1. Can you name the helices (runs of 4 or more DSSP H) wholly within region 68-144 that have at least 1 residues being surrounded by fewer than 19 Cβ atoms within 10 Å (Cβ to Cβ) and outside the structural domain of K55 (by TED's automatic domain parsing)?
2. Name every residue in region 129-148 that is within 14 Å of ligand 1 (Cβ to nearest atom) and among the hydroxyl-bearing types (S, T, Y), in order of residue number.
3. When region 137-157 is examined, which residues are found to be touching a helix residue (DSSP H, G or I) at 6+ places or on another chain (Cβ under 9 Å) and free of Cβ contacts under 8 Å to residues at least 60 places away in the same chain?
4. Please go through region 18-47 and give me each residue that is in contact with a helix residue (DSSP H, G or I) (Cβ under 7 Å, 6 or more places away or on another chain), modelled with pLDDT of 95 or more and over 15 Å from T199 (Cβ atoms), ordered by number.
5. Out of region 48-67, which residues are crowded, with 18+ Cβ neighbours inside 10 Å and in a loop (DSSP other than H, G, I, E, B)?
6. Can you pull out the residues in region 164-173 that are farther than 16 Å from F192 by Cβ and assigned to a helix (DSSP H, G or I)?
Amino acid sequence: MHGYPKHMKIFVIISLLLLNTVYAAGDPIVGKTKAIHCISCHTIDGNSKIPIYPKLAGQHELYLIKIMKDYRDKVRDVPTMYTIAKKYFNDDNDIEDLAAHFASQKSDICIQQPQTPQVKAGRRKIESCAVCHEPDGNSTLPFFPKLAGQHKTYLIKAMQAYKNGSRQESQMSQMALLFSDDTDIENIAAYFAAQKSNTCK
Ligand code: HEC
Ligand code: HEC
């Protein structure tokens, strides 16, 4: 998205600043005790080992909160997480505590992963993503998820879901129109998965 309007970005930043002032943070210590129900798929620190389960460690807190509510309200309609949400996401305090816990954890992708041909091909395709996710996937604005060091398999699945419409969100559904084919999606996913997370230091 060459020339993504600057005033839009400023508008987003101002809205987020306003939102932050009314936002009550969850408790990461309490959140850790609640995260016992997430271990089997995401592990206790959110560095999931199984590539279909997204890493949550170091993800933006506000993004995690939004998505947990989206699973609960079927805005993001995924049976696995809906089952979890029905049990554990009824109370907004629980959601906020869980988000505070996972957001406070460090990613385990702390060094740049190998520059395979696929990673290099992906690098050439991410210009339009960088305005929101940053060139290295360590997005700075809290509603834009970090992609750096995320599992490649999960990133592919997420991008395909935006493209085929099974996951809908106004900004990403628009962006998904730019994914030309599966090779494109796989290359971009490989690129972001290979970037080191900025949560390690
Ligand atoms: C049975 C496995 C399983 C368990 C247990 C589980 N999850 Fe998940 N989780 C998934 C899968 C699969 C996805 C990806 C779903 C999708 O495609 O949107 C996911 C996605 C997520 C996401 C979205 C991440 C992103 O980058 O968008 C959050 C947040 C999340 N889970 C939180 C939790 C929390 C908190 C718990 C514990 C209360 C939990 N999950 C338990 C399987 C699980
Ligand atoms: C205008 C801002 C914006 C741009 C540009 C953008 N994204 Fe996103 N992206 C978002 C938002 C917002 C979300 C969360 C959407 C949701 O709620 O499902 C997201 C989510 C994602 C996710 C899912 C992450 C997860 O943890 O589930 C992937 C993968 C992704 N974007 C890839 C890309 C790629 C690749 C590009 C470039 C082709 C791109 N995005 C461009 C705003 C943007």
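1. Fully inside region 68-144 and qualifying: 117-123, 130-133.
2. S139
3. G137, L147, A148, L155, I156
4. Passing the criteria: G26, D27, V30, G31, K32, K34, A35, H37, I44.
5. Across region 48-67, the qualifying residues are S48, Y53, P54, K55, L56, A57, G58, Q59, H60.
6. N164, S170, Q171, S173
The values are calculated or read from the model by the stated rules, or taken from the named source; none is laboratory data. None of these values were measured; they are calculated from a predicted model. Note that each Cβ is placed from the backbone with ideal geometry, even for glycine, and that neighbours are counted across all protein chains shown.
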